[in-house]
Amino acid sequence: MPKHRVASIDILRGLVMLIMAIDHVRDALHKGHPSPTDLDVTTPFLFFTRFITHFCAPTFVFLSGISACLSGAKRTKSQQALFLVKRGVWLLLIEVLVISFAITLNPFYHLIIFQVIWAIGGSMILLGLLIRLKASPAVIGIIGVIIFIGHNLFDIIQPGAIARTAVWQLLVSGNGWDGVIALGGSHFINVPYPLLPWTGVMLMGYAVGSIYAPGSDALRRRRLLLYSGMALLAFFFIFRGFNMYGDPAPWSVQKTTALTVISFFNVTKYPCSLLYLCMTLGVALVVLSRTEQVKNRFASILTVYGSVPFFYYICHWYLIQAITICIFFAMGYTGHQIITPQSPFLFAPPDFGISLAGVYVVWLVVITLLYRPCKWFSHYKKAHGQWWLSYI
């Protein structure tokens, strides 16, 4: 990354990184693990807890595309392509070896999870290959838009047997949180984030990165971001309102107004639908356009987290799990209950957990404890130029 950073990007990235931790704490600690998107069991507060975190992954991937464009300013095209491919491979290794263990705490890796780091790493590799083929930012952006708009056509086409293949699940359809790809024996891969839809998001982010070039018109950039965000939101409300193309799960009138509203905004994340991406990225673009000139204490705090996203991401998983283990033993559970039969997740017996209010308390503890380490590492990165820092 360049030494000079775009403050609005770090502000938005810091915001979504903090919000993201709410959902990860909920996954680890909410008692009973009721599904926030199941209309039969959810509540407005529970759905809201999940809904606000919907904005995190699309924003993070989109901003990764912008950052990839900005980092290319100090490299030749060949150097940029090679760097993106190498960093993508590095992220895939981190997803498999570091993040999957952080989620399951299972040292035997019975379940390997391909989620947002896999999506970013794989997308970086594809982006690097496009740059290597000398594709311009405009061409890359067009490819991204085609994927972005068209990937839900596969819902209509119904590809049949091919949809059950591992390659198709890895690239196009995923298998949500309920399906797996068998590796043999007792080892499986779960793919909640199929690669290609997320690659479309990163490619669009890369194309948008060109409007941050030195000497670009800041007023024009802010207007473009604002109008683009509003257009995506308008598309979402129109197509969602009439249950048109863009999401395989239509909304419907429910027995209460609250549940009807939840049904409307309960768009599909696994795999990410067009309307899910329009809703989330629409808001992200509007926020990005309105934060360029924001300078206050809260923005400065967000910038600390947003300037070291990879460092924060790794640390927050392990801190959440350390707290989970402490709560596990503090509630009277024993070593014999660490392993749950037929489950790849350790320290997660069926009756274990805390209230949703407790989840928010733990979340506040997590983000507070990580502020100082993130601030230290942010200063370290600014003051040092070792090659390995560009990978973290």
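The values are calculated or read from the model by the stated rules, or taken from the named source; none is laboratory data. Owing to the predicted nature of the structure, the values given are computational and were not obtained by experimental measurement. Neighbour counts run over all protein chains shown; Cβ positions are idealised from the backbone, glycine included.
Of all residues being of a type in the set (Val, Ile, Thr) and part of a helix (DSSP H, G or I) in the range 333-392, which is surrounded by the fewest Cβ atoms within 10 Å (Cβ to Cβ)? Just the residue, please.
At the first step, the residues of the range 333-392 found to be of a type in the set (Val, Ile, Thr) are 334, 338-340, 354, 359, 361-362, 365-368, 392.
Next, only the ones that are part of a helix (DSSP H, G or I) stay: 359, 361-362, 365-368.
Working: Val359: 22, Val361: 12, Val362: 21, Val365: 14, Val366: 21, Ile367: 21, Thr368: 9.
Checking each candidate, the answer is Thr368.
So if I check each of Ser123, Ser78, which one is over 29 Å from Ala21 (Cα atoms) and either part of a loop (DSSP other than H, G, I, E, B) or of a type in the set (Gly, Ala, Ser) (or both)? Before you say what the answer is, go through the steps one by one.
Numbers: Ser123 fails: over 29 Å from Ala21 (Cα atoms).
The unique qualifying residue is Ser78.
Which number in (1) within 18 Å of the chain's Cα centre (by Cα); (2) surrounded by fewer than 14 Cβ atoms within 10 Å (Cβ to Cβ) marks the one condition that Gly14 misses?
(2)
Output the residues belonging to the range 247-279 that are outside any loop (DSSP other than H, G, I, E, B), under 30 Å from Leu203 (Cβ atoms) and among the aliphatic types (A, V, I, L, M). If you could, list the steps in order and put the result at the bottom.
Applying the first criterion (outside any loop (DSSP other than H, G, I, E, B)) to the range 247-279 yields 257-265, 274-279.
Next, from what is left, pick out any that are under 30 Å from Leu203 (Cβ atoms): 264-265, 274-279.
If the condition is that a residue be outside any loop (DSSP other than H, G, I, E, B), under 30 Å from Leu203 (Cβ atoms) and among the aliphatic types (A, V, I, L, M), then Leu274, Leu275, Leu277, Met279 are the ones that fit.
Does Gly174 fit the bill of being crowded, with 18+ Cβ neighbours inside 10 Å and within 30 Å of Ile9 (Cα to Cα)? Steps first, answer last, please.
Values: crowded, with 18+ Cβ neighbours inside 10 Å: yes; within 30 Å of Ile9 (Cα to Cα): yes.
It is true that Gly174 is crowded, with 18+ Cβ neighbours inside 10 Å and within 30 Å of Ile9 (Cα to Cα).
Tell me, please, whether a residue that is free of Cβ contacts under 8 Å to residues at least 60 places away in the same chain, closer than 20 Å to Leu195 by Cα and surrounded by 23 or more Cβ atoms within 10 Å (Cβ to Cβ) can be found in the range 68-82.
no
Cβ-Cβ below 7 Å, separation at least six or inter-chain, first residue in the range 312-336 and closer than 30 Å to Phe60 by Cα, second in a loop (DSSP other than H, G, I, E, B) and of a type in the set (A, V, I, L, M): which pairs?
From the range 312-336, the pairs are Gln321/Leu105.
Given the residues Gly241, Gly215, Gly174, Gly205, which is the only one that is within 30 Å of Val139 (Cα to Cα) and either of a type outside the set (Gly, Ala, Ser) or at pLDDT 95 or above (or both)?
It is Gly205.
Results for (1) on the phi < 0 side of the Ramachandran plot; (2) not β-branched (Val, Ile, Thr), shown as yes or no for each residue.
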residue	(1), (2)
Gly246	no, yes
Thr256	yes, no
Leu285	yes, yes
Lys295	yes, yes
Tyr313	yes, yes
Leu319	yes, yes
Ala322	yes, yes
Phe328	yes, yes
Gly332	no, yes
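Mind telling me which of the residues Leu84, Leu39 ends up being assigned to a loop (DSSP other than H, G, I, E, B), touching a helix residue (DSSP H, G or I) at 6+ places or on another chain (Cβ under 6 Å) and of a type in the set (A, V, I, L, M)? Lay out the reasoning, then the answer.
Working: Leu84 fails: assigned to a loop (DSSP other than H, G, I, E, B).
None of the others qualify; the one that does is Leu39.
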